[in-house]
Every structure is written in C-alpha cells, then in structure tokens.
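Reading through the structure tokens given below for one structure.
The values are calculated or read from the model by the stated rules, or taken from the named source; none is laboratory data. On a predicted model such as this, the values are computed, not experimentally measured, just so you know. Here the Cβ positions follow ideal geometry from the backbone for every residue, glycine too, while neighbour counts run over all protein chains shown.
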Amino acid sequence: MLDTVKELNGFHKHDHTNGHANGHSNGKVAHNDGKTNKSEEKVAIETAVRTILTNVGEDPDREGLLGTPDRIARMYDEILAGYTTDPVKLVNGALFDVEYDDPVIVKEIEYFSMCEHHMLPFFGRAHIAYIPSDKVIGLSKIPRIVEMFARRLQVQERMTRQIAEMIDEVLQPQGVAVVIEGSHMCSMMRGVKKEHPRMMTSYMLGKYREDKDLRREFMDQLRK
C-alpha cells in the first residue's frame, strides 16, 4: 500500500507536458531530470535574491544585507522541505492493527505554509478525524503529514484535500475529515489589509462525506 502513497507526494518541478504548471500534480511525482545539485540550487537562489534586492532599490553589498541571500537560500531549504519529504519514510510502517471503529480526532495541529500567489506566509491549525477500518496510524504521523504538505508553496484549499487523500490512501479508513483554518499574510499585509481575516476549508471522504450526523459530531468536537 505504501508504494502507492508516493504518488501523493506532489512534485517540485513544473510539468508543462501534462499541463500542471503550478508545481502540483494532485498525486503524481515528477522526477528531476536536471543535473543541478543542492549547492547549485542554493547559488541560484542567492543570485535571484541579490537581483531582487538591487531592483527594489537596495544595495546587496551593504553590511546588513551581505548575508541575506545565503540566509534566504537556507531558509527556503527548511520551510519548503515538503517537496523532498518521502511519504513512505514519513509513515515508516507506523500502522497498527486494532479493533476500533469510532472516530479518531486530532485537533489543533499548528502549521506554517507559504502562499504560492505572493510567496507570503499563511498559518493556522489543522483538525483531522478518521474512522478506522482495521488499522490506526501512530499519533505523531498525522502532524507530520500536515507538515509535509504545508512546507510547500500552497493554497489552503489544495493542502486540505491533499492531507485528506493521503490519510485515506495510507489507512483506507471508513471516512476522513480535514478542517483547516488559516490566517494569510497576503490579505493582512497587502490588498485589503485586514488585520484578522481567517479562512476555513474542509474536505470529507467516505462516511464523513455521506453522513451529515458524523460531520456535525466532528464540527461540534472542534468547538469544544
């Protein structure tokens, strides 16, 4: 089963041949056919940052900015690490047989991501429920799944669906529910410039999509 989960890890290179120009294929991994390595990628990012600094009217060689291109390149390696996370290694066999068919709910999972439209942060909390069929997943793995998809250039709607689909693929449960709330700096710092806007997204599969009472029970749990 876990071999097919790799198909849900998205990809970090544009796949123009298949029409996926936004860096995500809704499940298909793109292979990097280029010859670049981490060092070359880092140099390319540093050069791009120097270009940006120059073109916004700054001097990239002044004292305060000398280390900025290097810092940003290293930062991107960390905050966009979801592109290179192997979902099979992430789960690492932490699936356990259990006789339990009531909802498992994990609330208040903190996440930080980057909006793909303006490359500004959005952040908030994810709430996840699933109804096991015959297996449960180790508790720490659910926040790690959230982090894998959050640490990419994202939109909240797609991230919500990707998390739900991976949990569904890994566990094959009776149902999955994912609700994500997010505050987006692109609307707080620019544009409408509202201080406290929050966005809520949800994605339901299986029994959670079919049974409104189950959905209501899950949403009631989130209010407690």
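A compact table of results
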quantity: Segment 34-63 residues that are on the phi < 0 side of the Ramachandran plot and surrounded by 11 or more Cβ atoms within 10 Å (Cβ to Cβ), paired with ones that are of a type outside the set (S, T, Y) and not in a helix (DSSP H, G or I) (beta carbon under 7 Å, 6 or more apart); calculated: R50/P60; L53/P60; T54/P60
quantity: Residue in segment 179-191 that is loosely packed, with under 12 Cβ neighbours inside 10 Å and either without any contact (Cβ under 8 Å) to a residue 40 or more places away in the chain or within 17 Å of the chain's Cα centre (by Cα) (or both) present; calculated: yes
quantity: Qualifying helices (runs of 4 or more DSSP H) (wholly inside segment 125-224; at least 2 residues being among the aliphatic types (A, V, I, L, M)); calculated: 141-150, 156-171, 185-188, 212-223
quantity: Any chance D86 is farther than 20 Å from R151 by Cβ and among the charged types (D, E, K, R); calculated: no
quantity: Number of the exception - H118 against (1) outside any loop (DSSP other than H, G, I, E, B); (2) surrounded by 13 or more Cβ atoms within 10 Å (Cβ to Cβ); calculated: (1)
quantity: A81 within 30 Å of L171 (Cα to Cα) and modelled with pLDDT of 95 or more; calculated: yes
quantity: Close pairs (9 angstrom Cβ cut-off, 6 or more residues apart or separate chains): more than 10 Å from K42 (Cβ to Cβ) in segment 66-81, among the aromatic types (F, W, Y) anywhere; calculated: I79/F112
quantity: Some residue of segment 110-130 being in the same structural domain as M159 (by TED's automatic domain parsing), more than 19 Å from the chain's Cα centre (by Cα) and within 20 Å of D168 (Cα to Cα); calculated: no
quantity: Every pair of residues 6+ apart whose Cβ atoms lie under 6 Å, when the first sits in segment 204-224 and is assigned by TED's automatic domain parsing to the domain that holds M159 and within 12 Å of V178 (Cα to Cα) while the second is basic (K, R) and surrounded by 15 or more Cβ atoms within 10 Å (Cβ to Cβ); calculated: Y208/R215
quantity: Breaking point among (1) at pLDDT 95 or above; (2) on the phi > 0 side of the Ramachandran plot, for Q174; calculated: (2)
quantity: Failed condition for V88, given (1) touching a helix residue (DSSP H, G or I) at 6+ places or on another chain (Cβ under 7 Å); (2) outside the structural domain of H184 (by TED's automatic domain parsing); (3) at pLDDT 95 or above; (4) not in a loop (DSSP other than H, G, I, E, B); calculated: (3)
quantity: Flag if V98 is of a type in the set (V, I, T), surrounded by 14 or more Cβ atoms within 10 Å (Cβ to Cβ) and in contact with a strand residue (DSSP E or B) (Cβ under 8 Å, 6 or more places away or on another chain); calculated: no
quantity: Answer from T47, T54, T36 - the residue that is of a type in the set (S, T, Y) and either touching a His at 6+ places or on another chain (Cβ under 6 Å) or at pLDDT below 95 (or both); calculated: T36
quantity: Condition check for V49: under 26 Å from the mean Cα position of the chain (by Cα) and under 21 Å from A177 (Cβ atoms); calculated: no
